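For reference, the structure discussed in these notes is given below.
Laboratory data are not the source of any read-out in this text; all were calculated from the coordinates shown. Since the model is a prediction, treat every value here as computed from it, not as a measurement.
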Amino acid sequence: MARKVILFITQTLDGYIANEKGKINFLWNDKFASGNAVDREYAKLSKRVNTVVMGRHTYNQVVNELSPTTYPYADYENYVMTTHPLPDEDNIHFINGDVAKLVKDLKSKSSRGDIWVIGGSNVIAPLVNADLIDIYHIGIVPIVLGKGIPLFSERVSPKELTLDSVKKVDEIVYLEYVR
């Protein structure tokens, strides 16, 4: 069975993945999980993927702000897209190249796990334009920022998707689209 490429990401109601300064701390708010529901979306993703593709800004945010003591994706093969590569560290590969070519290569390799894409438009836009994302799993938090870093930039070509599922977990809505 062919590996799937999954964009699994959270955004604000008005489509931003970060504020103007690149901060994402507003995406996690206790008010969003004040009910009795347990959010298992990330746990489900974790069981199905074994590869993560992200940009350097996302990687830096993870290791410097979100989880500075323990790398949360240590059990996965990691590919960090960057114009300033570092030497590989265990299963973290710093890649200066075409993200679409990398993902095509990863998809063609036999594996029991799918590929998770996280990050900003430098990673996402080329994959959308190359029609390489199979599943768009987007969490929407009930915040309107008015401005910030959009999930999809103006570099993305129009793309029609099919709604596969909608799920509400407390105040977060998860939309899943397929190509």
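Remark on Ile95: its backbone amide H falls under 5 Å from those of Val80, Met81, Thr82, a criterion applied only to residues 5 or more positions apart or on other chains, H modelled at 1.01 Å from N.
Sequentially through the stretch 139-151, phi angles give Karplus couplings (6.51, -1.76, 1.60; θ = phi - 60°) of x, 10, 9, x, 10, 10, 8, x, 7, x, 9, x, 4 Hz, Gly and Pro residues having no value and appearing as x. Our helix-only sum for the chain, with -39,500 (n - 2.57) per DSSP H run of n ≥ 4 divided by its residues, gives a mean residue ellipticity at 222 nm of -5000 deg cm²/dmol. Of all lysines in the structure, the ones whose alpha carbon falls short of 25 Å from that of Lys167, not counting any fewer than 8 places away in one chain, are Lys4, Lys31, Lys44, Lys47, Lys159. Across the stretch 82-96, coupling constants 3J(HN,Hα) worked out from phi with the 6.51/-1.76/1.60 Karplus curve, θ = phi - 60°, read 7, 8, 10, x, 10, x, 4, 10, 6, 9, 10, 10, 8, 10, 10 Hz, and Gly and Pro carry x. Relative contact order of the chain, taken over Cα pairs closer than 8 Å and 6 or more residues apart, is 36 percent.
Nearest 5 percent is fine: what portion of the DSSP beta bridges confined to the chain is antiparallel? Numbers along the way, then the final one.
Details: 16 of 39 bridges.
So the antiparallel bridges in the chain amount to around 40 percent.
Here the Karplus relation 6.51 cos²θ - 1.76 cosθ + 1.60, evaluated at θ = phi - 60°, turns the backbone of the stretch 152-159 into coupling constants of 10, 8, 5, 7, 7, 6, x, 9 Hz, with x for every Gly and Pro. Straight-line cross-link reach from Lys107 at under 18 Å between alpha-carbon atoms covers these aspartates and glutamates, not counting any fewer than eight positions away in the same chain: Glu77, Asp98, Asp131, Asp134. By the rule of a C-alpha distance below 18 Å, with chain neighbours fewer than 8 residues away ignored, the lysines paired with Lys147 are Lys21, Lys23. Roughly what angle does helix 99-108 make with the longest principal axis of the chain, taking Cα atoms, 0 to 90 degrees, to the nearest 10? The two axes meet at around 80 degrees.
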